[in-house]
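The values are calculated or read from the model by the stated rules, or taken from the named source; none is laboratory data. In this text the structure is predicted, and so the values were computed from the model without any measurement. All Cβ positions, glycine included, derive from the backbone under ideal geometry; neighbour counts span all protein chains shown.
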Amino acid sequence: MSITKRNFHKHELMGLIATVTSAYDKSHVDMKGKIVDETKNTLTMEVSGKEKMLPKRGTVLKIDLAGGPVKVECGKLTFRPEDRIKKLSARRMT
């Protein structure tokens, strides 16, 4: 199954290229890189060969998928990645 706007929350975010469009820490805005790790409360992105840890709360990402870009409010994803499918399958995240 390919990743789309409707089902991205059911997939692994690691490996996707993302751009930070909004964040509480303004130094994170416009940061672009590959998501390399995810925990309940944080995302880790590889940016210019360095890993940057971002809090999910207050961070909005733009992820480019084959069907077009997706705006992701990371605060809505404050679950362990393995629990996201169970908890969010009934909700639409976009």
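I'd like the residue in region 15-44 that is among the hydrophobic types (A, V, I, L, M, F, W, C), without any contact (Cβ under 8 Å) to a residue 40 or more places away in the chain and in a loop (DSSP other than H, G, I, E, B) and, out of all such residues, is surrounded by the fewest Cβ atoms within 10 Å (Cβ to Cβ).
For region 15-44, the residue satisfying everything is Val29.
Of all residues in region 47-83, which are of a type in the set (Lys, Arg) and more than 14 Å from Asn7 (Cα to Cα)?
Looking only at region 47-83, we keep the residues that are of a type in the set (Lys, Arg), and these are 50, 52, 56-57, 62, 71, 76, 80.
Matches in region 47-83: Lys50, Lys52, Lys56, Arg57, Lys62, Lys76, Arg80.
Filter region 1-37 down to the residues that are among the β-branched types (Val, Ile, Thr) and over 16 Å from Val70 (Cβ atoms), then identify the one that is nearest to the chain's Cα centre (by Cα). Lay out the reasoning, then the answer.
Taking region 1-37 and keeping what is among the β-branched types (Val, Ile, Thr), we get 3-4, 17, 19-21, 29, 35-36.
Subset that is over 16 Å from Val70 (Cβ atoms): 29, 36.
Working: Val29: 14, Val36: 10 Å.
Checking each candidate, the answer is Val36.
Between Lys87, Lys71, which is at pLDDT below 95, of a type in the set (D, E, K, R), exposed (fewer than 15 other Cβ atoms within 10 Å of the Cβ) and in contact with a strand residue (DSSP E or B) (Cβ under 8 Å, 6 or more places away or on another chain)?
Details: Lys87 fails: in contact with a strand residue (DSSP E or B) (Cβ under 8 Å, 6 or more places away or on another chain).
Of Lys87, Lys71, the one residue that is at pLDDT below 95, of a type in the set (D, E, K, R), exposed (fewer than 15 other Cβ atoms within 10 Å of the Cβ) and in contact with a strand residue (DSSP E or B) (Cβ under 8 Å, 6 or more places away or on another chain) is Lys71.
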